[in-house]
Amino acid sequence: MNRIVARKTWFKGLQFHSVLAVLALMLLAGDVMAHGERAQLASMRMRTVHWFDTQVTPLNVKVGDLVTVTGKLVTSEWWPKHMPSIEETVFLNIGVPGPTFLRLHSEVNGVPMMRSTAFPLGKVYEYKTVLRARVAGRYHVHPLLNVKDAGSLVAKGSWLEVAENDSGEPFVNEITTLPGDTIDLETYGLSGFGGVYFWHVVWIVVGIAYLVYWLGTKRELFIPRFIRIRALGQDRANELLTKNDFVVSSIFFTLTLALILTGYLWAENRYPITIPLQTGLVDVEPIDIPAGDLEVVVDHATYELAGRSLTMRMNMTNNGTSPIRIAEFLTANIRFMNAKVGEGEIYEGEEMISRDGLTVSIDTIAPGQSVDVDLVASDALWEKYRMTGLIHDPDSRFAGLIFYYDDVGTRYYQEVGGAVLPEFF
Amino acid sequence: MALSNTQTATLETGSESKVAGHFKRNRFAYMCGAFALAVGAALRIYLDTMGFAVGTDYYSEEFQTYWMPLLYGEIIVLCSFTVILSVYFWMTRETDASSISKELELSRYWRLLGVFTVMGIWAGAIASNAVESDAAWHQVTIRDTDFTPTHIIIFYFALPFLTAMLIPAFIWTHTRIPAYMNKISLPFLAVVVGILMIMPNYGFNEWGHTFFYAEELFAAPIHWGFVFLGWSLFFLVPLAVQLFTNMGRLIAETTAEDYKQHSA
Amino acid sequence: MSQAQAEEVTEIEAKRRLLDIKSLDNPKALKLYRRFDGILILVLFTFLTLGIQIQFTLTAGDWDYWIDWRDRRWWPLISPFTLLLFIGAFTYGIWYRLRLPIIATAVTLLLCLVSWLSRYLNFVEFANFPMSFTFPSTYIGLAILLDCALAMTRSLVVSAMIGGGLFGALVYPLNWAFMAPYKVPVEFNGTLMSVADLMGYEYIRTTTPEYLRIIEESTLRTFGGSVTPLTAVFAGLCGIVIYAIFLYAGSWINGLDKYAKRIV
């Protein structure tokens, strides 16, 4: 049973929610596998950002515990030119259903990411986000980038189980302000004299009092007033307004102005140090993609619908001194791994992996060797993640990362991409 | 099969006044209002329970099992409701305004106000429940379909249900109340058309969200079509003026000293 | 219609209007008027609630949902603009026909009440935000100033100048009473933030990224930090202008209590 069951307190007395939720859980079966990542066009997912080494730890926590999300991403050189670019404005975010977690910290290449930034294409970014579990439930947590005017780019998700904390005490989120007060953001500023509730009640009471005067104390309301005004004509219609109306209105007017002024001055006095909202872009130094010694030229690529496989023919030249083994092809968050090489860490709870999904026509590329290589990435995951829609896209091109290892086990990666043709039979 | 009016006033014979006694309670409004609220509450509980649980991924089996049938059901129920009621009111329309007594006419205004009350209750439910649920949803989850859970409730039930009540009410008014027979009330028409047009406007909304507007800003210009159509409610003022004029006159006439009770 | 016929019609109408007026001294009629009025008020208020909720949420909603959107430059400008637009259109008709200066207070009070209910149901219960992050703003005080200005001056134009101006100008001071604590500074990861900014960062909104906020940004010509008073004066101007424009729109709509022979 995999679903998000956030705790609800609405209709406490009747417990309607709990009953319905239990009923629903009993009826349902199967996993909620994806939250938005399957919807986008296949070619868009392949040519925007390549996420890898995505890791969420730990996967079982209690409310109040910390969770760390780390990983790397490469911005694709094949970024669609017609689309607003990640080079303009981007924000590192987390894909969870509402604030079920608090974000305590986030950084890209060591720079704190409270603000938005920009990512040039073809570079590597290492990100880290620290969360604190806030609401019990089971959640699919995705690292995510919001790209201004383009939309959300979602990394693969990991299931995270959040249990109630042992003490059962309400969640508290305490911080210390610069003037030195320690406050709980969950309830800050709401109750007490001069709080949000107080002032809202004051104004609601004043508003109701005003309406009660006009609608509750008059003998004649809509239809009779309408008839009188029609009979009097517009020139004399003001005769309907009594002296009392004038007096009451002027009292309300004066009282309201005084109340606004009092509230303002009181708050100024109570909170003498305040600042405007803070915003603005921050810069992040990108890291160049580590240049390995492999030179790759894509010759052509075909997508076989029936076989659910992508076949890429490329010319590879090993300019280094160490033999090279192709270990993995990554596209649209799916890892196609070469079982023969057996390199590449798989993290706990990681999804979207085809453990022997990659077939490479050559085992090792010797130093100095230049050879045509066929890479076949094949798995039912193509279907499951709606990548078969590739042939319905208005721009049938692909991109992905190839991971390869030298003889001492050092990992390198290189982006490849190009046109892709469908094969129907 | 237009019928000529053969009904007579069925007013209670109270002690104080035959006319006044009739307008104490509006059972129709109570019953239908309670029913509308029950439907709204049921949908709200469904959204709260199933929204984040099985509604975040359109391409999952659960979504297809628990949300799409609701959408189809809503469309079928609302279309049938509107069409059947509208056709029935039109087919049983009355043509002879002169045979409708003043008491009957006034009691029909009372009924019309009852219908408006039910609509008002529904309008209040939309305002307090549905409108911002869409904001709360879309600002925290990734949009992966045009048929998100909150859209299924607000776009395909809550707002269309208002139209589904307005259209038959419009036809009923224009075929049962003498002041509206054989003519069309412009402000009433404006209200009905304005609220109705919200539905075709979904087309623009979804098209825009798909092709040129990728952010979840609620105040974005792409949503202003809904605002403009909401302005059709401004026409409630002239519609109220029509009602004041007609109801005021009927009350004045039927309560006058020298007024003779209509007899069948 | 010949002139003689027209005169005859007017004469009949005049007689009827005399009867209408006479009914205002008839307790039986008054009782009925009150009953009908009660429902009319209920219907008007519920539809006003829906109307203002749609209008406000789709034009100024984002600023009202999140405390980290309520800045010094855009929020105090946009909120009164969108409220006065809606209020203006209704105020004209209700003042012209009924001489009741209630619309601004009714609209803002209803908006406030419905927003509290909606924030609780949708943002706190449904989407799990704390109320301290999503509580609504209040505009009731401004509306009372506007309505009282109308009641005292008995002139739409003068009240637009006084009330419309105050409505626009005083948004910030009115809300500052309970908003100030959220603008207290905090140091976070070596960066200066307000409490509101920090809440916006900590309480995750998956599809409401930081850059989406439409808030004040510094310019080379932001002199001496006079952003709030400058915005207040400009918002006052906008208030007067938009209120006047929509009073005019209201006057046009108010005159549309007409009937047509057919739907063209």
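The values are calculated or read from the model by the stated rules, or taken from the named source; none is laboratory data. In this text the structure is predicted, and so the values were computed from the model without any measurement. Cβ: placed from backbone, ideal geometry, glycine included. Neighbour counts: every protein chain shown. Heavy atoms of the whole protein, side chains included, go into the accessibility calculation; ligands, DNA and RNA do not. Shrake-Rupley method; radii C 1.70, N 1.55, O 1.52, S 1.80 Å.
A few remarks follow.
- Any hit, the range C:225-238, residues being over 11 Å from C:PRO76 (Cβ atoms), in a helix (DSSP H, G or I) and not charged (D, E, K, R): yes
- Residues (within 7 Å of chain C (Cβ to nearest Cβ), within 50 Å of the chain's Cα centre (by Cα), assigned to a helix (DSSP H, G or I) and among the polar types (S, T, N, Q)) located in the range A:221-280: A:THR256
- Residue match in the range A:106-129 (condition: among the basic types (Lys, Arg), in contact with a Pro (Cβ under 9 Å, 6 or more places away or on another chain) and open to solvent by 10 Å² or more (accessible area, probe 1.4 Å)): yes
- Residues that are buried (at least 24 other Cβ atoms within 10 Å of the Cβ), in contact with a Ser or Thr (Cβ under 7 Å, 6 or more places away or on another chain) and within 11 Å of chain B (Cβ to nearest Cβ) are absent from the range C:149-158.
- Residue identified as under 32 Å from the mean Cα position of the chain (by Cα) and at the interface with chain C (Cβ under 7 Å from one of its Cβ atoms) among A:THR176, A:THR182, A:THR187: A:THR187
- Test: residue in the range B:231-241 that is open to solvent by 30 Å² or more (accessible area, probe 1.4 Å), of a type in the set (Phe, Trp, Tyr) and more than 8 Å from chain C (Cβ to nearest Cβ): no
- Subset of the range C:159-175 [surrounded by 24 or more Cβ atoms within 10 Å (Cβ to Cβ) and in contact with a Phe, Trp or Tyr (Cβ under 6 Å, 6 or more places away or on another chain)]: C:ALA160, C:GLY164
- Candidates in the range A:321-332 are the residues that are over 15 Å from A:GLU415 (Cβ atoms) and touching a Phe, Trp or Tyr at 6+ places or on another chain (Cβ under 6 Å); of these, the one that is most open to solvent (accessible area, probe 1.4 Å) is A:ARG325.
- Each residue in the range B:193-214 was checked for being within 14 Å of chain A (Cβ to nearest Cβ) and buried (at least 18 other Cβ atoms within 10 Å of the Cβ), and 2 of them qualify.
- Among (1) of a type in the set (Gly, Ala, Ser); (2) within 14 Å of chain A (Cβ to nearest Cβ); (3) open to solvent by less than 10 Å² (accessible area, probe 1.4 Å), the one test that C:SER251 misses: (3)
- Residue that is within 12 Å of another protein chain (Cβ to nearest Cβ) and either open to solvent by less than 10 Å² (accessible area, probe 1.4 Å) or out of contact with any Leu (no Cβ under 9 Å at 6 or more places or on another chain) (or both), where the choices are B:ALA164, B:ALA190, B:ALA158: B:ALA158
- A:LYS62 meets the conditions (1) in contact (Cβ under 8 Å) with a residue 60 or more places away in the chain; (2) surrounded by 23 or more Cβ atoms within 10 Å (Cβ to Cβ) in every case but one. The failed one is (2).
- Some residue of the range A:264-274 being touching an Asp or Glu at 6+ places or on another chain (Cβ under 9 Å) and at pLDDT below 95: no
- All positions within the range C:45-72 that are in a helix (DSSP H, G or I) and facing chain B (nearest Cβ under 7 Å): C:THR46, C:PHE47, C:THR49, C:LEU50, C:GLY51, C:GLN53, C:ILE54, C:GLN55, C:THR57, C:GLY61, C:ASP62, C:TYR65
- Scanning the range C:205-220 for residues that are crowded, with 21+ Cβ neighbours inside 10 Å, among the acidic types (Asp, Glu) and out of contact with any Ser or Thr (no Cβ under 6 Å at 6 or more places or on another chain) turns up nothing.
- Any hit, the range C:170-186, residues being modelled with pLDDT under 95 and facing chain A (nearest Cβ under 7 Å): no
- Taking the listed residues A:THR57, A:THR70, A:THR48, the one that is open to solvent by less than 10 Å² (accessible area, probe 1.4 Å) and among the polar types (S, T, N, Q) is A:THR48, with no other qualifying.
- Flag for C:LEU156 being at pLDDT 95 or above and within 16 Å of the chain's Cα centre (by Cα): no
- Residue ID - nearest to A:ILE346 (Cα to Cα), chosen from residues in the range A:302-316 that are part of a strand (DSSP E or B) and open to solvent by 30 Å² or more (accessible area, probe 1.4 Å): A:THR311
- Some residue of the range A:405-422 being assigned by TED's automatic domain parsing to the domain that holds A:HIS300, under 24 Å from A:ALA39 (Cα atoms), acidic (Asp, Glu) and touching a Leu at 6+ places or on another chain (Cβ under 7 Å): yes
- Residue selection: B:GLU253 satisfies the criterion of being open to solvent by 10 Å² or more (accessible area, probe 1.4 Å), within 30 Å of C:ALA14 (Cα to Cα) and facing chain C (nearest Cβ under 9 Å).
- Residues that are more than 10 Å from chain B (Cβ to nearest Cβ) and open to solvent by 90 Å² or more (accessible area, probe 1.4 Å) were ranked within the range C:6-33; the one that is nearest to the chain's Cα centre (by Cα) is C:ASP25.
- Criterion violated by A:LEU294 - all others in (1) open to solvent by less than 70 Å² (accessible area, probe 1.4 Å); (2) over 36 Å from the mean Cα position of the chain (by Cα) satisfied: (2)
- In the range A:157-173, the residues that are in contact (Cβ under 8 Å) with a residue 12 or more places away in the chain reach residues that are open to solvent by 10 Å² or more (accessible area, probe 1.4 Å) and among the basic types (Lys, Arg) with C-beta atoms within less than 6 angstrom, at least six apart or across chains, in these pairs: A:GLU161/A:ARG138; A:ALA163/A:LYS62; A:ASN165/A:LYS62; A:PHE171/A:ARG134.
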